[in-house]
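All remarks here apply to the structure that follows.
The values are calculated or read from the model by the stated rules, or taken from the named source; none is laboratory data. As the structure is a computational prediction, the values presented were derived from the model and not from experiment. Positions of Cβ are generated from backbone atoms using ideal geometry, with glycine treated the same way; all protein chains shown enter the neighbour counts.
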Amino acid sequence: MTQSDTDPFFVFEITPSCNFECIYCYNGCRDNTENPEKQLNLTRIEKLFDKITSTNNIDSITIAGGEPLLHKDLFNVISYFKNKGIKTGIASNGSLLTEEVVSRLVTSGVSYFDVSLDTLDEEIHYKLTGNRDLGSIKKAITYIKKSPAVLTISTIISKLNLESIARVIDFSFAFSVDHLSLNRFTPSGIGEGNRELLQVEKIDLLNLLEMVENKSAQYHYPINISLPLENCLIPHKNFPSLNFGSCVCGVKKWVIDPMGNLRICEQNPEILGSLFDRDFQALSTMAAVLNFREDDFRGSCPSCEKYENCGGGCRFIRDR
Ligand code: SF4
Ligand code: SF4
Ligand code: SF4
């Protein structure tokens, strides 16, 4: 099968288990214990992806969680994807990425990492994640940078770490991190209950973007604003150095949960159905997907001249 632009890109949440307790976590089913009943083992994962790849090309897949390093079969799953010719990445909180683990992951077939880093201040890191060991994450970043893998640092934009983001940019630039992605806080999952504490006011967001724009221009360092900010709310033309993302969930990007169910996006808990029971084609063309995509923000998206660049913004946030 030849690759095409419409081939799906999957985020596979391999486990709900996590060793962090982030107060912004979108994952409502996060589990701070290790419960094998709530995830698939290697045999089932192979069965699932044998079925999906029998009718779909998959060019690349991001393995996320929870914390993917907590799945006991992770290395074998990565080798399985490698044998299938699928490019594999890991989205991790970084705490378990020792030098040896990074090296094993890369040898098994991981070609890119996405590591969360919201602040370089230990206390703020603790408030946001419940974890005190920021040092392990910084070390993980240096180990990945020594490997051939591509590294993205992902940073949440919230009230608690707003003042920290300038230092995260400086750090990322100093360590030649390949990509830096800033994502506005999304009030979903566990994060929904912490909205007051975390959600940034528009004026603060604009001030932040100004600072980010200046640093990006000064360093010649492209910075991604990955979770879309609607062009009609935040004019993108005012921030020419920044790369604004658009929403591709339900078109290009899909999420597979730890039990093999298909969802439209990470933030959206709605399950379309089990990929063991039904084909991807059938699930991905359900009315729920079409409604989600065709939802018309402010009644003006279809005729908006910025639609191509904006994509209609985040369908999940705007409903809340
Ligand atoms: S955001 Fe990620 S690292 Fe934090 S608790 Fe949720 S799954 Fe774990
Ligand atoms: S496409 Fe929709 S969300 Fe985007 S700028 Fe236009 S009206 Fe706003
Ligand atoms: S709906 Fe929002 S959170 Fe989900 S993929 Fe689209 S932009 Fe991202």
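If I ask for residues that are touching a strand residue (DSSP E or B) at 6+ places or on another chain (Cβ under 6 Å), not small (G, A, S) and not in a strand (DSSP E or B), which ones from the stretch 93-128 would you list?
Of everything in the stretch 93-128, those that are touching a strand residue (DSSP E or B) at 6+ places or on another chain (Cβ under 6 Å), not small (G, A, S) and not in a strand (DSSP E or B) turn out to be N93, L117, D118.
Looking at the stretch 125-154 only, could you name the residues that are farther than 22 Å from E100 by Cβ and either in contact with a helix residue (DSSP H, G or I) (Cβ under 6 Å, 6 or more places away or on another chain) or without any contact (Cβ under 8 Å) to a residue 24 or more places away in the chain (or both)?
H125, Y126, R132
Hey, can you tell me all the residues within the stretch 225-244 that are crowded, with 17+ Cβ neighbours inside 10 Å and either outside any loop (DSSP other than H, G, I, E, B) or not hydrophobic (A, V, I, L, M, F, W, C) (or both)?
Across the stretch 225-244, the qualifying residues are I225, S226, P228, E230, N231, H236, L242, F244.
Tally the residues that are more than 16 Å from ligand 3 (Cβ to nearest atom), small (G, A, S) and at positive phi, restricting the search to the stretch 205-255.
Residues that pass the stated criteria total 0.
Considering only residues that are in contact with a helix residue (DSSP H, G or I) (Cβ under 8 Å, 6 or more places away or on another chain) and hydroxyl-bearing (S, T, Y), look in the stretch 22-36 and name the one that is farthest from ligand 2 (Cβ to nearest atom).
Y24
I'd like to verify a number: residues in the stretch 177-210 that are in contact with a Lys or Arg (Cβ under 6 Å, 6 or more places away or on another chain) and under 20 Å from H125 (Cβ atoms), how many? Spell out how you get there, then give the answer.
First, the residues of the stretch 177-210 that are in contact with a Lys or Arg (Cβ under 6 Å, 6 or more places away or on another chain): 187, 198, 200.
Remaining after also requiring under 20 Å from H125 (Cβ atoms): 198, 200.
Residues meeting the conditions: 2.
Please indicate, with yes or no, whether at least one residue in the stretch 277-286 is among the basic types (K, R), more than 11 Å from ligand 3 (Cβ to nearest atom) and outside any loop (DSSP other than H, G, I, E, B).
The answer is no, given that none of the residues of the stretch 277-286 is among the basic types (K, R), more than 11 Å from ligand 3 (Cβ to nearest atom) and outside any loop (DSSP other than H, G, I, E, B).
Give me a count of the residues in the stretch 215-224 that are outside any loop (DSSP other than H, G, I, E, B) and either in contact with a helix residue (DSSP H, G or I) (Cβ under 6 Å, 6 or more places away or on another chain) or among the hydroxyl-bearing types (S, T, Y) (or both).
First, pick out the residues of the stretch 215-224 that are outside any loop (DSSP other than H, G, I, E, B): 215-219, 223-224.
Now narrow it down to the ones that are either in contact with a helix residue (DSSP H, G or I) (Cβ under 6 Å, 6 or more places away or on another chain) or among the hydroxyl-bearing types (S, T, Y) (or both): 215-216, 219, 223.
Matching residues across the stretch 215-224 total 4.
Can we say I78 is more than 23 Å from I153 (Cβ to Cβ) and more than 16 Å from ligand 2 (Cβ to nearest atom)?
no
Would you mind finding the one in V212, V177 that is under 18 Å from the mean Cα position of the chain (by Cα), outside any strand (DSSP E or B) and at pLDDT 95 or above? Before you say what the answer is, go through the steps one by one.
On the way: V212 fails: under 18 Å from the mean Cα position of the chain (by Cα).
When all the criteria are applied, what remains is V177.
Picking from F81, F75, which residue would you name as being among the aromatic types (F, W, Y), under 23 Å from F20 (Cα atoms), surrounded by 18 or more Cβ atoms within 10 Å (Cβ to Cβ) and touching a Lys or Arg at 6+ places or on another chain (Cβ under 9 Å)?
F75
Going through G89, G85, G66 one at a time, which residue ends up being more than 16 Å from ligand 2 (Cβ to nearest atom) and assigned to a strand (DSSP E or B)? Give the steps one after another, and end with the answer.
Numbers: G85 fails: assigned to a strand (DSSP E or B); G66 fails: assigned to a strand (DSSP E or B).
The match here is G89.
Every residue in the stretch 84-121 that is surrounded by fewer than 22 Cβ atoms within 10 Å (Cβ to Cβ) and on the phi > 0 side of the Ramachandran plot, please.
G85, G109, listed by residue number.
Does any residue in the stretch 237-253 that is farther than 15 Å from K306 by Cα come within less than 6 Å, Cβ to Cβ, of a residue that is within 16 Å of ligand 3 (Cβ to nearest atom) and not charged (D, E, K, R) six or more places away or on a different chain, and which pairs are these?
Here the result reads L242/I225; C249/I264; C249/C265; G250/I264; G250/V289; G250/F292; K252/F9; K253/F9, each pair linking the stretch 237-253 to a residue that is within 16 Å of ligand 3 (Cβ to nearest atom) and not charged (D, E, K, R).
Might you let me know whether the stretch 37-49 holds any residue that is more than 16 Å from ligand 1 (Cβ to nearest atom), in a loop (DSSP other than H, G, I, E, B) and either in contact with an Asp or Glu (Cβ under 7 Å, 6 or more places away or on another chain) or small (G, A, S) (or both)?
For the stretch 37-49, residues more than 16 Å from ligand 1 (Cβ to nearest atom), in a loop (DSSP other than H, G, I, E, B) and either in contact with an Asp or Glu (Cβ under 7 Å, 6 or more places away or on another chain) or small (G, A, S) (or both): present.
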